[in-house]
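Right, one structure below, let's go through it.
The values are calculated or read from the model by the stated rules, or taken from the named source; none is laboratory data. Model, not experiment: these values are computed from the prediction. All Cβ positions, glycine included, derive from the backbone under ideal geometry; neighbour counts span all protein chains shown.
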């Protein structure tokens with residue numbers, strides 16, 4: 001195998017140690033919260049959506065592993081300034097792509113936790129875990 | 001360092017009995033430290049199961065032909081084996097289920113929901129129980145309107161025994177407790193708790209999933225009314241669990257599953273049940289599982305449960321000592337190795353338990369991470385998850401050394 005530690009790339013560790021858009025969002029218009037039933041980790045996302053259906057601001061809080069928190073950090077970066085439709089078009093494969101690391105079925109749930117929270121906040125059905 | 005001479009088990013010889021421990025994982029020799037979740041199986045158990053299917057597979061208790069007799073003999077022989085292993089008075093006090101969970105649910109249904117409980121009666125549990133010893137009692141509360149109460153846990157992971165003074169009252173009908181915590185490793189004083197329950201006329205239910213595999217357990221000495229455990233955590237196959245019930249309470253309890261095997265006679269619209277334990281074993285049982293469990297009991301019997309326990313005390317002492325050298329590591333549970341089983345739950349300041357487990361996995365080391373089906377206990381310690389290493393007969397100090405090296409590697413990655 002290549003590197004033994006290929007899932008803990010610099011990019012993942014950087015987002016884990018220095019998460020973007022982390023903290024409570026005052027005056028959020030949309031909120032979502034989910035936990036990973038396998039481990040009890042929990043992420044909340046708050047969004048401010050403006051009159052043009054654009055995500056003016058987004059922040060997340062919660063606790064979790066490097067994969068779930070890095071994923072949340074990257075996801076919030078991605079949706080900030082986008083429309084709701086654009087955010088809704090982000091799916092499982094997109095998360096896998098921007099994380100850019102191999103994920104086992106169990107770790108996939110960590111990776112997708114923030115996407116599920118975002119979809120819940122926007123009133124969208126949950127994303128499937130299957131491949 | 002634990003000297004080889006001090007160890008009561010011949011670990012290299014034991015390891016050689018476990019085919020899975022001969023394989024490598026991710027190019028490294030396997031270090032299996034998750035026996036609390038499920039144990040590995042020695043060749044003797046695998047062979048006993050295969051032998052049943054290869055040589056005498058038949059349904060039990062019915063077939064007149066030779067194969068059926070052999071199968072019934074082996075199945076009932078396993079029951080005798082288990083009864084002797086936990087010192088039950090009679091094999092009729094041993095009910096085969098599919099798991100500890102099913103065994104506890106059988107009591108919750110047969111004794112709780114269908115039994116004598118009334119609204120306002122009380123059940124006393126503890127904060128350190130596995131979910132399988134919480135949720136069945138939620139069912140009972142929802143059906144019967146009983147009140148659930150819980151004994152708390154100290155900072156060093158022991159039950160607050162003095163709380164029983166206030167919690168056990170004349171309204172208490174059932175007291176339930178884990179013999180050994182699957183997270184903290186704490187060994188609870190079940191004999192004393194059973195005595196307290198009996199003082200007010202309550203019954204005592206012990207979740208022994210983490211004790212029977214690891215130490216001598218004598219149900220008559222404990223004096224409990226029910227005791228539940230699993231085959232797969234004690235070197236046996238998955239899908240076979242055991243409910244021990246003191247014969248008086250077992251006789252009075254209602255069955256959970258109706259069907260074949262469990263009846264005396266059936267007419268349209270009515271049926272009469274078989275005697276215990278058959279009354280509780282509706283449907284074709286897990287015959288191969290029971291036979292495999294019997295072989296596991298034999299295997300442990302040859303090692304000797306006192307020796308198994310002493311080995312785990314040595315392993316735990318060494319593990320606690322070595323884990324203390326890892327900066328930022330917080331170990332849960334009692335410091336006294338005599339007060340705990342071979343379980344070491346911990347967190348690392350630098351990394352989440354999932355990340356610890358992922359990196360150790362790359363090193364060929366199998367540990368558990370998560371809430372361990374004990375979320376109320378996680379809440380008590382204000383953590384969402386812990387990492388957990390657990391030890392059994394096939395582990396040696398070198399496994400602990402690999403664990404500690406792996407944890408230092410985790411710290412490097414997250415530095």
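In the set (1) more than 13 Å from every other protein chain (Cβ to nearest Cβ); (2) within 27 Å of residue B:376 (Cα to Cα); (3) buried (at least 21 other Cβ atoms within 10 Å of the Cβ); (4) over 12 Å from the mean Cα position of the chain (by Cα), the condition left unmet by residue A:23 is number (3). A single entry from B:99, B:54, B:90, B:39 fulfils the requirement of being under 18 Å from residue B:275 (Cα atoms) and either in the same structural domain as residue B:223 (by TED's automatic domain parsing) or in contact with a helix residue (DSSP H, G or I) (Cβ under 9 Å, 6 or more places away or on another chain) (or both): B:90.
Report yes if residue A:55 is more than 25 Å from residue B:369 (Cβ to Cβ) and more than 14 Å from chain B (Cβ to nearest Cβ), otherwise no. Yes.
Would you pick out the residues in the stretch B:209-223 that are touching a residue at least 60 places away in the same chain (Cβ under 8 Å) and surrounded by 20 or more Cβ atoms within 10 Å (Cβ to Cβ)? Within the stretch B:209-223, B:209, B:210, B:211, B:212, B:213, B:214, B:215, B:217, B:219 qualify. Just one of the listed residues (B:407, B:323) is touching a strand residue (DSSP E or B) at 6+ places or on another chain (Cβ under 6 Å), more than 14 Å from chain A (Cβ to nearest Cβ) and at pLDDT 95 or above, namely B:323.
Here residue B:298 fulfils each of the conditions (1) within 14 Å of another protein chain (Cβ to nearest Cβ); (2) surrounded by fewer than 22 Cβ atoms within 10 Å (Cβ to Cβ); (3) at pLDDT 95 or above apart from (1).
Within the stretch B:129-137, not a single residue is under 24 Å from residue B:276 (Cβ atoms), part of a strand (DSSP E or B) and assigned by TED's automatic domain parsing to the domain that holds residue B:181. Listed here are the helices (runs of 4 or more DSSP H) enclosed by the stretch A:60-110 that have at least 3 residues being in contact (Cβ under 8 Å) with a residue 40 or more places away in the chain and away from chain B (no Cβ under 14 Å): A:66-79.
For the stretch A:5-17, filtered to residues that are touching a helix residue (DSSP H, G or I) at 6+ places or on another chain (Cβ under 8 Å) and closer than 15 Å to residue A:60 by Cα, the residue that is nearest to the other protein chains (Cβ to nearest Cβ) is A:16.
Inspection of the stretch A:30-49 finds no residue satisfying the criterion of being away from chain B (no Cβ under 11 Å), without any contact (Cβ under 8 Å) to a residue 12 or more places away in the chain and surrounded by fewer than 19 Cβ atoms within 10 Å (Cβ to Cβ). All conditions in (1) surrounded by 15 or more Cβ atoms within 10 Å (Cβ to Cβ); (2) modelled with pLDDT of 95 or more hold for residue A:92, with the sole exception of (2). Assessment of the stretch B:14-33 against the conditions (surrounded by fewer than 22 Cβ atoms within 10 Å (Cβ to Cβ), within 14 Å of another protein chain (Cβ to nearest Cβ) and part of a loop (DSSP other than H, G, I, E, B)) yields at least one matching residue.
For the stretch B:369-391, filtering for residues that are surrounded by fewer than 23 Cβ atoms within 10 Å (Cβ to Cβ), touching a strand residue (DSSP E or B) at 6+ places or on another chain (Cβ under 7 Å) and more than 10 Å from chain A (Cβ to nearest Cβ) leaves 1.
With the condition kept exactly as written, say whether any residue in the stretch B:64-84 is assigned to a loop (DSSP other than H, G, I, E, B), assigned by TED's automatic domain parsing to the domain that holds residue B:209, more than 20 Å from residue B:237 (Cβ to Cβ) and in contact (Cβ under 8 Å) with a residue 60 or more places away in the chain. No, the stretch B:64-84 contains no residue that is assigned to a loop (DSSP other than H, G, I, E, B), assigned by TED's automatic domain parsing to the domain that holds residue B:209, more than 20 Å from residue B:237 (Cβ to Cβ) and in contact (Cβ under 8 Å) with a residue 60 or more places away in the chain. Residue B:338 falls short on exactly one of the conditions (1) away from chain A (no Cβ under 12 Å); (2) farther than 25 Å from residue B:11 by Cα; (3) touching a helix residue (DSSP H, G or I) at 6+ places or on another chain (Cβ under 8 Å), and that condition is (2).
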